[in-house]
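Colleague: This is the structure I want to talk about, given as structure tokens.
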Amino acid sequence: MGDLSRDELDGIYAFAVELGKQAGKMLTDAAQLRISGGSGSQKEQEHVQKENAVDLVTETDENVEAFIKGQIMEKYPSHKFVGEESYSKGTSRDYLINDDMTWCVDPLDGTVNYIHLFPMFCVSIAFIHKQKPLIGVIYAPFINQFFSSCAGRGAFLNETQQLPLVRTPVPALPSNAPSGCIFSCEWGKDRRDAPDSNLHRKIESFVNMAAEVGGRGGRGGMVHGVRSLGSATLDLAYVAMGAFDIWWEGGCWEWDVAAGIAILQEAGGLITTANPPEDPATAPIEEVRLGSRLYLAIRPAGPSSNETGRQGQERTVREVWRRVRNLDYSRPGA
């Protein structure tokens, strides 16, 4: 943790937890206004669009981010702030995280869910130092799930239940993974209907993971189930919880994943790159680069009779890599 003391980090953690609760209440209040036909602004009612019809922004995003940023700047004026709404208004797409103490915030992840009042939406707050997410807070107020973690302090659901939820013992990954696993994925915003587009590569990968064992030219994974929450942040939280075994995704930004990565790693999960290397069987499994936009997460795992938990996680990574296509998401400076 370098020049951050344990007491300083614990203080930042306590501040982040309280900030997450306040921001989550703002999301709930805004949603209740819409439910009751309250005075939501015309701007919000029209679902102002960002880049295309799938990526929607509301006034709520901007209000919540402004509140979070204001609180952080008042308490920690020397810290950097990277938020989705302020970033999307800029002209640069450069990767903005460096070694400085940095807050990385998505005020409302799952905006489409929020608009449709599908309850899987949340506020996501991460504290990053020396490019490593040390603190994560994710609050989904409509389902009353509050995830939090601090490096060296554990990861929790609703501040009392340590993650993963099943802990006595933490289950090993299935010996024939991905068969027997819950596989989490998202359709994403890139919907170009071209033969080699990200959409088509994702669909091929999804079908490979789902198809019967031996199907798809030997690439059938026969996963137990396929889930899409519509929120990358909550996908990661559910992997940390142990509810999802695998999450595979491309196209996210750092505010979509930073808090989730902090929580997942503190819970004992693994996160690496989504894109398969030339030789999935032997390539090193490296920790994901925060700004890479390509992510493969594996839940916390206990040992089995013939392998450690980490060995089970790495085996599962390689089995996923064998079945998925390379995705084409890039950005400058990452």
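The values are calculated or read from the model by the stated rules, or taken from the named source; none is laboratory data. Computed from a predicted model, the values in this text were never measured in an experiment. With ideal geometry, Cβ positions are generated from the backbone for all residues, glycine too; neighbour counts draw on all protein chains shown.
Colleague: Mind telling me which of the residues A151, A140, A126, A177 ends up being surrounded by 19 or more Cβ atoms within 10 Å (Cβ to Cβ), more than 18 Å from the chain's Cα centre (by Cα) and either among the hydroxyl-bearing types (S, T, Y) or at pLDDT 95 or above (or both)?
Modeller: Answer to the check: A177.
Colleague: Residue by residue through region 212-223, note down the ones that are loosely packed, with under 15 Cβ neighbours inside 10 Å and of a type outside the set (A, V, I, L, M, F, W, C). Explain how you work it out, then say what you get.
Modeller: Of all residues in region 212-223, those loosely packed, with under 15 Cβ neighbours inside 10 Å come to 212-215, 217-218.
Within region 212-223, E212, G214, G215, G217, G218 qualify.
Colleague: Of the residues that sit in region 21-34 and are within 17 Å of Q145 (Cα to Cα), in contact with a helix residue (DSSP H, G or I) (Cβ under 6 Å, 6 or more places away or on another chain) and small (G, A, S), which one is surrounded by the most Cβ atoms within 10 Å (Cβ to Cβ)?
Modeller: Looking at residues that are within 17 Å of Q145 (Cα to Cα), in contact with a helix residue (DSSP H, G or I) (Cβ under 6 Å, 6 or more places away or on another chain) and small (G, A, S), I get A23.
Colleague: Within the set of pairs 6+ apart or on separate chains, which have a first residue in region 1-20 that is loosely packed, with under 14 Cβ neighbours inside 10 Å, a second that is of a type in the set (G, A, S), and C-beta atoms under 9 Å apart?
Modeller: Taking only residues 6 or more apart or on different chains, the pairs are M1/A151; M1/G152; R6/G152.
Colleague: How many of the residues in region 293-333 are at positive phi and free of Cβ contacts under 8 Å to residues at least 60 places away in the same chain?
Modeller: Final tally of qualifying residues: 1.
Colleague: What is the number of the single condition among (1) closer than 21 Å to S205 by Cβ; (2) assigned to a loop (DSSP other than H, G, I, E, B); (3) in contact (Cβ under 8 Å) with a residue 12 or more places away in the chain that L290 does not meet?
Modeller: Result: L290 passes all but (1).
Colleague: Within region 289-304, track down each residue that is surrounded by fewer than 18 Cβ atoms within 10 Å (Cβ to Cβ) and modelled with pLDDT under 95.
Modeller: R289
Colleague: A follow-up question, please. As an exercise: evaluate L270 against (1) modelled with pLDDT under 95; (2) closer than 16 Å to C181 by Cα and give the number of the one condition it does not meet.
Modeller: Failing condition for L270: (1).
Colleague: Shifting gears a bit: Here are some conditions: (1) surrounded by fewer than 24 Cβ atoms within 10 Å (Cβ to Cβ); (2) more than 25 Å from C150 (Cβ to Cβ); (3) touching a helix residue (DSSP H, G or I) at 6+ places or on another chain (Cβ under 9 Å). M209 meets all but one. Which one does it not meet?
Modeller: (1)
Colleague: State whether the residues of region 160-169 include one that is under 16 Å from the mean Cα position of the chain (by Cα) and of a type in the set (A, V, I, L, M, F, W, C).
Modeller: yes
Colleague: Of all helices (runs of 4 or more DSSP H) completely enclosed by region 1-75, which ones contain at least 3 residues that are more than 21 Å from the chain's Cα centre (by Cα) and modelled with pLDDT of 95 or more? Walk me through it before giving the result.
Modeller: Numbers: elements: 6-35, 42-45, 59-75.
Counting at least 3 such residues, we get 6-35, 59-75.
Colleague: If we scan region 229-242, do we find a residue that is acidic (D, E) and farther than 27 Å from Y13 by Cβ?
Modeller: Within region 229-242 (the criterion being acidic (D, E) and farther than 27 Å from Y13 by Cβ), the answer is no, since none of the residues qualifies.
Colleague: Additional query: Out of A274, A262, A211, A281, I need the residue that is within 22 Å of A155 (Cβ to Cβ) and of a type in the set (A, V, I, L, M). Which one?
Modeller: A262
Colleague: Given the conditions (1) under 23 Å from N113 (Cβ atoms); (2) at pLDDT below 95; (3) surrounded by 14 or more Cβ atoms within 10 Å (Cβ to Cβ), and given that S197 satisfies all but one, which numbered condition is not satisfied?
Modeller: (1) is the only condition that S197 fails.
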